[in-house]
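Below is one structure, written out as structure tokens; comments come after it.
None of the figures in this text is laboratory data; all of them are computed from the coordinates on show. Worth saying up front: this structure is predicted, and the values here are computed from it rather than measured. With ideal geometry, Cβ positions are generated from the backbone for all residues, glycine too; neighbour counts draw on all protein chains shown.
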Amino acid sequence: MVTDVDVRVDVREGLERLAERLGGRGARLTEAQRLSGGASMETWAFSFEGEGGAERLILRRRSAPFDPDNTRAIPLATEAALIQATGANGARAPKVRHVCDEADGLGEAYLMVRVDGETLGRKITSDPRFDAVRPVLARQCGEALAQIHATPPPPGLALKSVDAAGELDRYEEVYRATGAERPILEIAFQYLRRHVPEPVPLVLLHGDFRNGNIMFHPEFGVAAVLDWELAHIGDPAEDMGWICTNSWRFGRPDRPVGGFGDYADLLAGYAAAGGPPVELSRVRFWQTLGSLRWGVMCLGMYLSWRDGVEKSVERPMIGRRVTETEADLVVLLEQGL
Amino acid sequence: MITHPKTEELVRSVALWLEQIRPQLDPRNAFLARVAGNALATVERELTQGPAAEAEAVTLMAQLLGHQGDFEALNAELCAAIRDGRFTVETPGLLPALQTMARNQLAIDQPNYRPEGASARP
């Protein structure tokens, strides 16, 4: 079922209403700019001045219909609830200011307090501004993950549970349905099926924990973990493997964690923050599955263009990014886990 | 084939024009114009490097499978051999052949990508 979302709302008008609602009568919008446009999600930075002073906020809203049966993504209200729960558990999550309702006229959306820092992956890996803090980032990421994973999932959110064998089934089904024939993806499926790790207790996962979805401050490092729409229940090593997947290292394959750090620091940070021991080979399993997953996702994005669902020129070009995952996978298969 | 201009030169001329108009576009369209330029650059590389890459893939797959064939047929047979378990990561020569094919395709699709195991960008 596709939820009924009017995607053509006037966001600026909605922000003016929100300024009044949150800032009191006479509050006025002082800034509003769209930061990014994903295919289905919009982010706006805006500020207002009201009775209680100035506020600098971020609006995150769904801009395309959401089909919960055909996606791993969670509703934005669930995202907001998870951010609040993990934040209360000590994780560096943004602060939720307001979850939008019908009166706001913005569809599915919520507001966060703006956090200073940088999310562009390439800046984190290569900008000299981050040279000083870069050596501690992998460890901080391990700590952040341990805090997220230790958070009891709030009841009633209907989060999906995922394990390695289930993920392989799911992505192989998607791959087969594309009709593509790619020998490296085939052998990656075969290899990973033969190396599925022993089951462990499943925990709350961020689900998209990678360089690009984390706000880093040039002095303090991890400032806030963003983009929770793929949160689910699963193997802790899934989140650790995803930030080690080379597609998110931005030109620094020599630094396996996000293009900024080493495996040992990620694992040490995780353990220091109370996380259970995790074998490196388990992280490497999920990292390899991460490359395979990204490859299959790229194929899917191309297909959404071929089938006329999406019309942006981005989509077919993302299809050619399957090649990067093949170049990574073949090396990982040669190295072994 | 006509060589004045060559096909890849026509493609490059459109890519250059996109670069020229990009500063006048709004941010979203400027971004999409950059993606479109990258698409044209990929087409240009496929036109110039594609035939050699495909020829090498055909040679490597024919060696692995023990008989000749065209790219599509060999590729399908190789996928089937992996799927049904006849070929695995232990199969002599398989991973090095796949590695060569992947690198050739990467040079066409994403020449700036630094794959797993590579050094940092110089």
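Which ordering of A:V296, A:V278, A:V309 is given by a fewest-first count of other beta-carbon atoms within 10 Å? Numbers along the way, then the final one.
Details: A:V296 26, A:V278 22, A:V309 11.
Going from sparsest to densest Cβ surroundings: A:V309, A:V278, A:V296.
Taking every residue in B:35-42, how many Cβ atoms of other protein chains lie within 10 Å of its Cβ, on average?
Working: counts 7, 3, 1, 4, 5, 0, 0, 3.
Average neighbour count from other chains, rounded to a whole number: 3.
Between B:T59 and B:I21, what is the label-to-label distance in nm when each label sits 7 Å out along the Cα-to-Cβ direction?
A separation of 4.3 nm, rounded to one decimal place.
Report, in deg cm²/dmol and to the nearest 500, the calculated mean residue ellipticity at 222 nm for the protein assembly as shown, where each DSSP H run with n ≥ 4 adds -39500 (n - 2.57) and the sum is divided by the residue count.
On the way: 15 runs with 224 residues, N = 459.
So the calculated ellipticity at 222 nm is -16000 deg cm²/dmol.
Based on the Cβ-Cβ distance from A:V9 to B:A118, what FRET efficiency comes out when R0 is 51 Å, to the nearest 0.05?
Details: r = 45 Å, r/R0 = 0.89.
Taking R0 as 51 Å, the efficiency between A:V9 and B:A118 is 0.65.
For peptide B:69-75, what's the mean number of Cβ atoms from other chains within 10 Å of each residue's Cβ? Could you put the intermediate results ahead of the total?
On the way: counts 0, 0, 0, 1, 0, 1, 3.
The mean count of partner-chain Cβ atoms within 10 Å per residue comes to 1.
Say we join alpha carbon atoms closer than 10 Å with springs in a Gaussian network model of chain B; which of B:A76, B:A39, B:A107 then has the biggest fluctuation?
Comparing B:A76, B:A39, B:A107 in the GNM, the peak value goes to B:A76.
Starting from the Cα gyration tensor of segment A:130-228, take the square roots of the eigenvalues, sort them a ≥ b ≥ c, and report rounded, prolate or oblate (rounded when a/c is under 1.5, otherwise prolate if a/b is larger than b/c, else oblate).
Details: a/c = 2.29, a/b = 1.57, b/c = 1.46.
It comes out prolate by the Cα gyration axes.
Pick out, from A:S126, A:Q147, A:M297, the residue whose Cα sits farthest towards the positive end of the charge dipole of chain A, with +1 on the Cβ of Lys and Arg and -1 on the Cβ of Asp and Glu.
A:S126
Please average, across the residues of B:76-86, the number of beta carbons from any other chain that are within 10 Å of each residue's own beta carbon, and give a whole number. If you can, show how the numbers build up before the last one.
Values: counts 2, 2, 5, 8, 3, 3, 9, 7, 1, 2, 0.
Taking the mean over all residues of the peptide, I get 4.
Quick check: pseudo-label points 7 Å beyond the Cα along Cα→Cβ at A:H98 and B:V14, how many nm apart are they?
4.7
Could you tell me whether segment A:11-113 comes out rounded, prolate or oblate from its Cα gyration tensor? Rule is a ≥ b ≥ c as square roots of the eigenvalues, rounded for a/c under 1.5, then prolate if a/b exceeds b/c, otherwise oblate. Could the numbers behind the result be given before it?
Values: a/c = 2.00, a/b = 1.36, b/c = 1.47.
Oblate shape, in that a/c is at least 1.5 and b/c is the bigger or equal ratio.
Taking the simple approach of a point 7 Å from Cα along Cα-to-Cβ for both A:D169 and A:R21, what is their distance in nm?
The answer from the label model is 4.1 nm.
Could you pull out every whole DSSP H run in chain B that spans at least 20 Å of Cα extent along its own axis and averages -1.0 or higher on the Kyte-Doolittle scale?
Working: long enough: B:7-21 (22 Å, 0.35); B:27-65 (50 Å, 0.27); B:94-109 (22 Å, 0.39).
Going by DSSP H runs, the hits are B:7-21, B:27-65, B:94-109.
Take the Cβ-Cβ distance between A:L35 and A:D307 as r, set R0 to 22 Å, and report the resulting FRET efficiency rounded to the nearest 0.05.
Numbers: r = 29 Å, r/R0 = 1.32.
Efficiency, from the Cβ-Cβ distance: 0.15.
Given 37 °C and 0.692 mPa s, how large is the Stokes-Einstein diffusion coefficient of the protein assembly as shown in µm²/s, with Rh as the Kirkwood radius over Cα pairs? All intermediate terms of the calculation are to be shown ahead of the outcome.
Details: Rh = 23.9 Å.
Diffusion coefficient, whole number: 138 µm²/s.
Can you compute the charge dipole magnitude of chain B about its Cα centre, using +1 on each Lys and Arg Cβ and -1 on each Asp and Glu Cβ, nothing else charged? Give it in debye, rounded to the nearest 20. Don't jump to the answer; show the numbers that get you there.
Working: 11 positive and 15 negative charges, 101 e Å.
The calculation lands at about 480 debye.
Share of antiparallel DSSP beta bridges in chain A, in percent to the nearest 5?
Details: 35 of 36 bridges.
Antiparallel bridges make up about 95 percent of those DSSP assigns within chain A.
For B:K6, give me every one of the aspartates and glutamates with a C-alpha distance below 14 angstrom, ignoring sequence neighbours fewer than eight places off in its own chain.
Straight-distance partners of B:K6: B:E44, B:E46.
Sort A:L111, B:L16 so that the residue with the fewest other Cβ atoms within 10 Å of its own Cβ comes first and the one with the most comes last. Each step should come with its number before you reach the end.
Values: A:L111 26, B:L16 11.
Listed from fewest to most nearby Cβ atoms, that is B:L16, A:L111.
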